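Asker: Below is the structure I would like to discuss, written out as structure tokens.
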Amino acid sequence: MADKTQYGADQIQVLEGLDPVRKRPGMYIGGTGVEGLHHLVWEIINNCIDEAMAGFGNRVDVTLLADGGVRVRDDGRGIPVEKHKTTGKSTLETVLTVLHAGGKFGGGGYKVSGGLHGVGSSVVNALSERLVAEVRREGKVYSQEYERGVPTGGVKTIGPTTESNGTTISFWPDPKIFETIEFSYDEILEYLRRQAYLTKGVMARLVDEGSGKRHAFYFEGGIKSYVQHLNHDKLPLNDPPFYAQKTTGDVAVEIAIQYNDSYVETAKYFANNIPTNGGGTHVEGFRRALTRVVNDYARKSGLLKDNEENLTGEDCREGMGIVISVKLPEPQFEGQTKDKLGNPEMRAVVEQVFSEMFSYYLDENPNEAKKIIGKATLSARARIAARAARDTVIRKGALDGMTLPGKLADCRSKDATRSELFIVEGNSAGGSAKGGRDSEFQAILPLRGKILNVERARLDRMLGNQEVKNLIIAMGTGIAEQFELSKLRYHRIIIMTDADVDGAHIRTLLLTLFYRHFPQLIENGHLYIAQPPLYGLQVGKKKLYAYDEGQRDEIIDRLIAERTGKAKAGTAAEGAVATEESEIETEAPEPAAGEVVAAEEESEEVASDEDKNRRKLAGVSAVQRYKGLGEMNDDQLWETTMDPANRVLLKVAVEDAEKADAIFNKLMGEEVLLRKNFISSRANTLSDDDLDI
């Protein structure tokens with residue numbers, strides 16, 4: 001028998017061609033889930049955009065094919081098809097089958113690029129069940145097909161053409177690789193929209209053959225149009241936006257700024273059209289120049305008095321919509337997610353370009369400059385007031401030996417990784433939660449009424465709200481520049497509100513607070529929303545719980561099937577499976593004659609005759625619709641909503657920060673008309689339950 005501990009040449013596996021990609025796809029596209037699937041589309045689109053940035057094309061067409069594939073077509077130069085001197089194969093086949101083969105390695109094909117630097121096309125080919133490449137060059141059309149990265153034949157000439165040069169890639173993702181092969185129209189739409197903004201003069205079009213949906217984008221203004229899009233639901237202070245563009249050597253810098261009436265900065269940073277959400281040297285150069293230029297102008301114009309301290313960077317960026325796009329030959333990305341630009345030369349380049357052009361803008365536009373400086377000085381005064389209020393909050397905790405709010409029922413555990421904080425509305429729900437919780441690791445903080453809408457208030461006013469202060473002290477993290485995630489006392493912050501309109505409003509107010517002032521809690525997965533049941537079904541001595549109307553009906557279908565031995569309307573068996581995982585059964589004593597029955601009758605859901613008959617057939621004596629957590633007994637609230645073994649929690653995450661910012665501004669901002677239009681445009685999508693709420 002061979003010695004399993006022996007390590008020699010036989011243990012070294014050599015993967016050739018595209019085998020490494022199929023063996024470890026996550027190394028190339030991040031994973032095999034939905035994000036990895038769409039990354040295939042991004043790579044092909046990026047190649048088309050690279051052609052446009054190089055000045056050889058102005059159109060990108062993406063089609064979601066009815067059979068599940070994707071076709072991406074451009075009007076660039078077209079991938080060369082002649083034999084490659086290194087591989088001995090056609091250049092087209094080389095690009096699509098050899099890793100690190102392409103025009104982005106210093107051979108003069110591209111000065112700047114945003115793809116995987118020659119890896120993109122071959123990776124897409126490797127992870128596709130089938131791929132078809134068509135090239136239009138010099139009046140002819142060439143084609144080659146592949147299966148899982150392997151060519152099924154050579155490059156063929158399939159006819160002449162009078163169309164312009166370009167490349168068309170059609171591919172069908174491999175279901176053996178990906179968890180799903182269903183593309184999201186909306187996600188691709190947003191990606192194309194962004195690429196069209198960042199590459200002005202490019203027409204980007206998306207068509208879905210299955211649904212017939214189609215969109216097209218063309219932005220002559222480029223990122224100037226982009227920053228206006230970011231501010232479309234806010235009141236702009238400088239219109240048109242400030243815009244600067246300059247090319248220095250091989251480096252191009254574009255900056256667009258438009259201030260608005262909000263209190264938050266909305267920023268988008270890019271390097272070679274790749275998002276750099278982590279910032280980097282280009283952002284550092286911009287921020288340094290902005291603070292200096294604004295302070296210099298404010299002093300020179302007398303808008304900032306001698307006895308006033310300088311404006312900070314945060315003051316200068318309050319209410320700013322900003323898009324920065326830089327293009328450079330060899331971008332270096334840093335950080336765990338590779339979303340931070342590291343090229344040191346970009347700091348000085350951006351600082352110089354912005355300093356020169358923004359100084360000129362302020363001098364030439366005194367009215368806009370006055371509005372910008374006025375916005376920044378108001379921010380400074382609010383910051384000073386907020387600092388005093390924040391120090392009071394922190395000092396109060398320190399002087400009291402970190403005494404927690406009186407309403408907080410804290411847990412005994414000091415292990416933050418185990419501990420949970422339930423934020424509940426009102427003393428009634430707070431009482432039920434305190435009685436039903438596991439006090440070893442679950443803390444309860446009741447809120448009195450509705451907290452302040454922080455979307456319409458600066459930090460100084462926010463810290464004057466007692467409920468907000470109680471929450472900050474309870475969490476232990478501090479706020480603003482004094483925020484420290486490591487001091488978080490509970491690793492699960494759980495919003496638990498009633499299933500009515502007031503509960504929804506309180507939940508939205510809390511989400512606004514966390515999104516605007518504690519985004520780190522969301523980013524690190526610490527914020528949750530509890531899902532208390534909406535319905536309680538009495539079946540003999542048992543009580544079953546359902547979290548929505550559909551699950552209530554599934555439970556009834558299952559009970560009917562169990563009692564009659566037949567599946568009703570084909571849904572009973574499915575309902576039984578679905579509810580086994582999520583419904584909760586608890587033993588309940590027989591109701592005493594009179595009072596409990598009467599209570600159930602008062603809160604029992606109004607049902608049609610047909611529903612009553614179905615419930616009778618299922619053995620359901622009563623269906624209670626819960627309007628508030630206070631209606632539930634302590635043990636019921638524990639069993640259904642707080643017990644980790646049974647409960648359902650929704651983790652709060654931000655998929656698209658730009659969309660999230662717009663939604664919060666619409667729903668919680670100053671503009672009533674925006675909110676009215678948002679609600680009325682979606683009124684026809686509400687269910688009966690929603691209308692009842």
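The values are calculated or read from the model by the stated rules, or taken from the named source; none is laboratory data. This is a predicted model, so every value here is computed, not measured. Cβ sites come from the backbone with ideal geometry, for glycine too, and all protein chains shown count toward neighbours. Heavy atoms of the whole protein, side chains included, go into the accessibility calculation; ligands, DNA and RNA do not. Shrake-Rupley method; radii C 1.70, N 1.55, O 1.52, S 1.80 Å.
Asker: Can you spot a residue in segment 553-563 that is at pLDDT below 80, more than 22 Å from ASP643 (Cβ to Cβ) and not β-branched (Val, Ile, Thr)?
Answerer: Start the filter on segment 553-563 by keeping residues that are at pLDDT below 80, which leaves none.
Checked segment 553-563: no residue is at pLDDT below 80, more than 22 Å from ASP643 (Cβ to Cβ) and not β-branched (Val, Ile, Thr).
Asker: Could you name every one of the strands (runs of 3 or more DSSP E) located completely within segment 197-250 that has at least 2 residues being under 25 Å from the mean Cα position of the chain (by Cα)?
Answerer: On the way: elements: 203-208, 214-217, 242-248.
Correct list: 203-208, 214-217.
Asker: Another question, then. I'm told GLU35 meets every condition in (1) surrounded by fewer than 19 Cβ atoms within 10 Å (Cβ to Cβ); (2) in a strand (DSSP E or B) except one. Can you identify the failing condition by its number?
Answerer: (2)
Asker: Here's something else I'd like to know. Across segment 290-331, which residue is surrounded by the most Cβ atoms within 10 Å (Cβ to Cβ) among those that are over 26 Å from ALA386 (Cβ atoms) and charged (D, E, K, R)?
Answerer: LYS327
Asker: Identify all residues within segment 138-162 that are in contact (Cβ under 8 Å) with a residue 60 or more places away in the chain, under 15 Å from GLY78 (Cα atoms) and open to solvent by 40 Å² or more (accessible area, probe 1.4 Å); write none if there are none.
Answerer: Selection gives VAL155 alone.
Asker: Additional query: Counting just the residues of segment 591-625 that are part of a loop (DSSP other than H, G, I, E, B) and crowded, with 16+ Cβ neighbours inside 10 Å, which one comes out modelled with the lowest pLDDT?
Answerer: Restricting attention to segment 591-625, the residues satisfying the condition of being part of a loop (DSSP other than H, G, I, E, B) are 591-594, 605-608, 619-621.
Narrowing further to those that are crowded, with 16+ Cβ neighbours inside 10 Å: 591, 605, 619-620.
On the way: PRO591: 35, GLU605: 62, GLY619: 87, VAL620: 88.
Per the stated criteria, the residue is PRO591.
Asker: Let me ask something else about it. For segment 332-342, indicate whether the set of residues that are at pLDDT below 95 and either surrounded by 22 or more Cβ atoms within 10 Å (Cβ to Cβ) or assigned to a helix (DSSP H, G or I) (or both) is non-empty. Outline the logic, then answer.
Answerer: First, the residues of segment 332-342 that are at pLDDT below 95: 332-342.
Of the ones still in play, those that are also either surrounded by 22 or more Cβ atoms within 10 Å (Cβ to Cβ) or assigned to a helix (DSSP H, G or I) (or both) are 341.
Yes, because at least one residue in segment 332-342 is at pLDDT below 95 and either surrounded by 22 or more Cβ atoms within 10 Å (Cβ to Cβ) or assigned to a helix (DSSP H, G or I) (or both).
Asker: Sticking with this one: On the basis of being open to solvent by less than 10 Å² (accessible area, probe 1.4 Å) and either closer than 26 Å to GLU318 by Cα or touching a residue at least 60 places away in the same chain (Cβ under 8 Å) (or both), does ILE255 make the cut?
Answerer: Numbers: open to solvent by less than 10 Å² (accessible area, probe 1.4 Å): yes; either closer than 26 Å to GLU318 by Cα or touching a residue at least 60 places away in the same chain (Cβ under 8 Å) (or both): yes.
Yes; evaluated as a whole, the condition is true for this residue.
Asker: Would you point out the residue of segment 1-23, among those that are of a type in the set (D, E, K, R) and modelled with pLDDT of 85 or more, that is most open to solvent (accessible area, probe 1.4 Å)? Reasoning before the result, please.
Answerer: Within segment 1-23, the subset of a type in the set (D, E, K, R) is 3-4, 10, 16, 19, 22-23.
Cutting the leftovers down to modelled with pLDDT of 85 or more gives us 22-23.
Details: ARG22: 67, LYS23: 104 Å².
So the residue we want is LYS23.
Asker: Say whether the condition of being more than 29 Å from PRO329 (Cβ to Cβ) and either in contact (Cβ under 8 Å) with a residue 40 or more places away in the chain or in a helix (DSSP H, G or I) (or both) is met by at least one residue in segment 53-64. Give the derivation first.
Answerer: Here is the first cut: in segment 53-64, the residues more than 29 Å from PRO329 (Cβ to Cβ) are 63-64.
Cutting the leftovers down to either in contact (Cβ under 8 Å) with a residue 40 or more places away in the chain or in a helix (DSSP H, G or I) (or both) gives us 63-64.
Within segment 53-64, one or more residues are more than 29 Å from PRO329 (Cβ to Cβ) and either in contact (Cβ under 8 Å) with a residue 40 or more places away in the chain or in a helix (DSSP H, G or I) (or both).
Asker: Can you tell me which residue among ASN238, ASN231, ASN272 is open to solvent by less than 10 Å² (accessible area, probe 1.4 Å), polar (S, T, N, Q) and out of contact with any Ser or Thr (no Cβ under 8 Å at 6 or more places or on another chain)? If you could, list the steps in order and put the result at the bottom.
Answerer: Numbers: ASN231 fails: out of contact with any Ser or Thr (no Cβ under 8 Å at 6 or more places or on another chain); ASN272 fails: out of contact with any Ser or Thr (no Cβ under 8 Å at 6 or more places or on another chain).
So the residue among ASN238, ASN231, ASN272 that is open to solvent by less than 10 Å² (accessible area, probe 1.4 Å), polar (S, T, N, Q) and out of contact with any Ser or Thr (no Cβ under 8 Å at 6 or more places or on another chain) is ASN238.
Asker: Just give me the residues in segment 258-276 being over 22 Å from GLY313 (Cβ atoms) and in a strand (DSSP E or B), in sequence order. Step through it out loud before you land on a result.
Answerer: In the first step, residues of segment 258-276 are kept if they are over 22 Å from GLY313 (Cβ atoms); the result is 272-274.
Within segment 258-276, ILE274 is the sole residue that qualifies.
Asker: How many residues, within segment 490-539, are modelled with pLDDT of 90 or more, small (Gly, Ala, Ser) and under 24 Å from ASN427 (Cα atoms)?
Answerer: The total comes to 1.
Asker: Out of everything in segment 186-221 that is surrounded by 15 or more Cβ atoms within 10 Å (Cβ to Cβ) and aromatic (Phe, Trp, Tyr), what residue ends up being farthest from ILE45 (Cα to Cα)?
Answerer: PHE219
Asker: Then there's this: Any idea which residue in segment 485-510 is farthest from MET632 (Cα to Cα), counting only those that are buried (at least 16 other Cβ atoms within 10 Å of the Cβ) and among the small types (Gly, Ala, Ser)?
Answerer: In this case the residue turns out to be GLY503.
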